[in-house]
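Student: If you scroll down you'll find the structure; I have some questions about it.
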Amino acid sequence: MARRKYKLTGFARFFIVMLFLAPVAYLAASYINGEDGVAKIQELLNWENEKTAAEKTTTLPSTTSGTEKLSAKDLEEMVFALKDSLREKNIEIHELRRQIRILKGSSE
C-alpha cells in the first residue's frame, strides 16, 4: 500500500477548487447578464488589448489645432446643433420640474 506524500486538509482542497471555480462562475454570470466579463476583468486589472487601445486613441477629442481645420460654415452648423440640443434639454427640464410639482401637490 502506497502512502501519500502530501496530505491536504479539507479547507486546502476547498481553496484550490475555488481558485479555479470562482473566475469561471464570474464569467458565466457576466455572460448571463449580458455583460462582457473578460473586458471587466481587463479593466479591473488595467490590462488593455490592442483593439481597445486603438479605439481609445481614435475617440479622443480633437485639440485646438483640429478646430483650426474646420471651416466657418462647419463651426456655425455645430453651434446651431448645440443650441438646438440645449433648447430641447431646457424644455425637458421644465417639463420634469412641472411633473415634480404636480406629484408633490398630489402627495400632500
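The values are calculated or read from the model by the stated rules, or taken from the named source; none is laboratory data. For clarity, every value in this text was computed on a predicted model and none was experimentally measured. With ideal geometry, Cβ positions are generated from the backbone for all residues, glycine too; neighbour counts draw on all protein chains shown. Note: accessible area is taken over every heavy atom of the protein model, side chains too, but ligands, DNA and RNA are not part of it. Shrake-Rupley method; radii C 1.70, N 1.55, O 1.52, S 1.80 Å.
Student: Just the residues that are in a helix (DSSP H, G or I) and open to solvent by 90 Å² or more (accessible area, probe 1.4 Å), please, taken from segment 1-20. Break it down stepwise before answering.
Tutor: First pass over segment 1-20, keeping only residues in a helix (DSSP H, G or I): 10-20.
Scanning segment 1-20 gives Phe11, Arg13, Phe14, Phe15, Leu19, Phe20.
Student: Which of the residues belonging to segment 33-74 are part of a loop (DSSP other than H, G, I, E, B), of a type in the set (Val, Ile, Thr) and either modelled with pLDDT of 85 or more or surrounded by 11 or more Cβ atoms within 10 Å (Cβ to Cβ) (or both)?
Tutor: Listed by number, the list is empty, since nothing qualifies.
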